[in-house]
Amino acid sequence: MPQDDFSKLTGPDHWLGWLGDDPARAIRKGIEESLRAQVEDSVVEWVKILETPRFLTGGRRHSEDEQVMLVTRAALAAPFALSVRTTQHGRSVLLGVFSWAAVNLSRPETRKDRHWFDLGVGLDWAGERLQRRIYEIDGEDRAAKR
């Protein structure tokens, strides 16, 4: 049976602190939540990140110290293969890209996160959308207030 393999996620020297102390576990949990939102009894058996993800990180200079950069938003698109088992459908192997964007990272009390689980697409497709998606979360908040 294959095992989880997140080496392509954690191998690059890219800051993933916005995902917590264990970025691989956070990504796996996000994938599991995405699948359970579709089929409640989904059980992920294994996940493999197939390529180095695309990363986006945005920030602004600290108002009191221009040498300090505050990270305000971050996103990634990670191509995966996984095995999932459900009562109704049995075992399936899925290929796609899992994307995650987070905004308001410099203000944890207003942080917002969103996941996308795109099946049958490649990293180039998801990477092109990542720039727009990292800003969609802000727009959702404005639309909800209208």
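The values are calculated or read from the model by the stated rules, or taken from the named source; none is laboratory data. Note that the structure is a prediction, hence the values are computed from the model and not measured. Using ideal geometry, Cβ is built from the backbone for each residue, glycine included, and neighbour counts are taken over all protein chains shown. We work out accessible area using only protein heavy atoms, side chains counted, and drop any ligands, DNA or RNA first. Shrake-Rupley method; radii C 1.70, N 1.55, O 1.52, S 1.80 Å.
Here's the yes/no breakdown for (1) in contact with a helix residue (DSSP H, G or I) (Cβ under 7 Å, 6 or more places away or on another chain); (2) at pLDDT 95 or above; (3) surrounded by 13 or more Cβ atoms within 10 Å (Cβ to Cβ):
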| position | (1), (2), (3) |
| --- | --- |
| 27 | yes, yes, yes |
| 43 | no, yes, yes |
| 46 | no, yes, yes |
| 51 | yes, yes, yes |
| 54 | yes, yes, yes |
| 68 | no, no, no |
| 79 | yes, yes, yes |
| 86 | no, yes, yes |
| 95 | no, yes, yes |
Checking the conditions here, which among 38, 67 is farther than 14 Å from residue 98 by Cα, touching a Lys or Arg at 6+ places or on another chain (Cβ under 9 Å) and not hydroxyl-bearing (Ser, Thr, Tyr)? 67
Those residues of the stretch 12-25 which are open to solvent by less than 60 Å² (accessible area, probe 1.4 Å) and either assigned to a loop (DSSP other than H, G, I, E, B) or touching a His at 6+ places or on another chain (Cβ under 8 Å) (or both), in sequence order: 12, 16, 20
Can you confirm whether residue 73 is modelled with pLDDT under 95, in contact with a helix residue (DSSP H, G or I) (Cβ under 6 Å, 6 or more places away or on another chain) and either open to solvent by 90 Å² or more (accessible area, probe 1.4 Å) or not β-branched (Val, Ile, Thr) (or both)? yes
For the stretch 1-10, indicate whether the set of residues that are in a helix (DSSP H, G or I) and without any contact (Cβ under 8 Å) to a residue 12 or more places away in the chain is non-empty. no
Is one or more of the residues making up the stretch 110-133 in a strand (DSSP E or B), among the aromatic types (Phe, Trp, Tyr) and either touching a helix residue (DSSP H, G or I) at 6+ places or on another chain (Cβ under 7 Å) or modelled with pLDDT of 90 or more (or both)? yes
